[in-house]
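Student: Before I ask anything, let me first share the structure, which is written out below as structure tokens.
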Amino acid sequence: MTITETGVPLFALGRGADPDSERGVDCPGELPPASDPALVERARVAKERLGDRLFVLGHHYQRDEVIQFADVTGDSFKLAREAAARPGAEYIVFCGVHFMAESADILTADSQKVVLPDLAAGCSMADMATFDQVEECWEVLEDAGADRVVPITYMNSSADIKAFCGRNGGAVCTSSNAERALTWAFEQGQQVLFLPDQHLGRNTAVLELGLSLDDCVVYNPHRPNGGLTDEQLKNAKMILWQGHCSVHGRFSPAAVDEFRERIPGVNILVHPECRHEVVTKADFVGSTEYIIRTVREAPEGSAWAIGTELNLVKRLAGMFPGKSVSFLDKTVCFCSTMNRIDLPHLVWALESLADGKVVNQITVDPETTHWAKVALDRMLALP
Ligand code: 13P
Ligand code: SF4
């Protein structure tokens, strides 16, 4: 188990701290080292063979064994910008999930090839909003008389949802610019349809824009009319899609209380994909880049309980041993799809590229690319 110099374990609420806690806490949360040390050398050699033709992007939730080969690491906003800023790279290898690789393909030239080392690295939240469901929702809104709605989609959505937003006067946002995107949207129209993460939408609307919880309704794509009346659809300022992140949805208000009881003065720092009742109890809320910056700038000896994906929290605990960094849940909580990208897949992708064979290329069709880029460019142009 990782224990920082301050003596507080990474799983402060886990094993040994709570005899009644649920099944699974016995796992110490350590991933085994890269299965074959020779793979590290093979990845290094393949990268060297590819030289400047290759650019590797790594999201903060990636495993350490993968992140060590990233030319740049970042949150989804930073990585989208980095992809757009590398016109010279022939191959962009995206160590992240499918929607991020799609965005990279949209923002790069046709001649550049974006590769996702494991095609099974998807995102359960992005899968919660399909194009057909969103089209149907749009018709429901029109029929209800809600005719000045601006669609905003979180980066964590498929390319065709981004294209839908581009085509219908909307934009993309990420967890680091959601407030600016919503402010922009309310300048364009009277209501916002926020896809697909209800928590980011609600947290931003209520905590950053000053709207009330009553201004928000949740549209359930599995129920007729989204489970809402025409009046509700017409009067709500925020129409939140019923989607969520299964990783961030695990953090609970009870864990916040427990931490405050056990570690007086602890700072609770969470990602805005967490539930509203967790975010309102936290001291600090922000994207993965914000989380890293906040811990980096914190004084030595300070204590932090962090509600985001475990690879990142573990990395922070290792980077700042003079601060106590703990995980804000009893149980081990990696993002299973992010974790699909492991060293064997990365080595396979890099060696294939070095041998002239493009594998797992992510391509978005030209029509979808056009409209998704409109939505992404609106985001990149936000003040
Ligand atoms: P950010 O990197 O934008 O904070 O997003 C977190 C996330 O869940 C990515 O899948
Ligand atoms: Fe999707 Fe959540 Fe995993 Fe991010 S952490 S890729 S939102 S499931």
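The values are calculated or read from the model by the stated rules, or taken from the named source; none is laboratory data. The structure displayed is predicted, hence computed values, not measured ones. All Cβ positions, even for glycine, are placed from backbone atoms using ideal geometry, and neighbour counts span all protein chains on display. When the accessible area is computed, the model is the full protein with side chains, heavy atoms only, and any ligands, DNA or RNA have been set aside. Shrake-Rupley method; radii C 1.70, N 1.55, O 1.52, S 1.80 Å.
Student: Does residue 216 count as buried (at least 19 other Cβ atoms within 10 Å of the Cβ), more than 21 Å from the chain's Cα centre (by Cα) and touching a residue at least 24 places away in the same chain (Cβ under 8 Å)?
Tutor: When the stated conditions are applied, residue 216 passes them.
Student: Right, something else. Could you please find all residues in region 319-349 being among the acidic types (Asp, Glu) and more than 16 Å from ligand 1 (Cβ to nearest atom)?
Tutor: Once the filter is applied, which keeps residues that are among the acidic types (Asp, Glu) and more than 16 Å from ligand 1 (Cβ to nearest atom), region 319-349 yields only 342.
Student: On the given criteria, is residue 330 closer than 28 Å to residue 121 by Cβ and in a loop (DSSP other than H, G, I, E, B)?
Tutor: Judged against the criteria, residue 330 is a match.
Per-residue answers, yes or no, for (1) without any contact (Cβ under 8 Å) to a residue 40 or more places away in the chain; (2) open to solvent by 10 Å² or more (accessible area, probe 1.4 Å):
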site: 118; (1), (2): no, yes
site: 140; (1), (2): no, yes
site: 151; (1), (2): no, no
site: 158; (1), (2): no, yes
site: 161; (1), (2): yes, no
site: 183; (1), (2): yes, yes
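Student: Does region 121-138 hold any residues that are open to solvent by less than 50 Å² (accessible area, probe 1.4 Å) and more than 25 Å from residue 234 (Cβ to Cβ), and which are they?
Tutor: Result: 121, 122, 123, 125, 126.
Student: Residues of region 333-356 being closer than 16 Å to residue 65 by Cα and in a helix (DSSP H, G or I), which ones?
Tutor: 338, 339, 340, 343, 344, 345, 346, 347, 348, 349, 350
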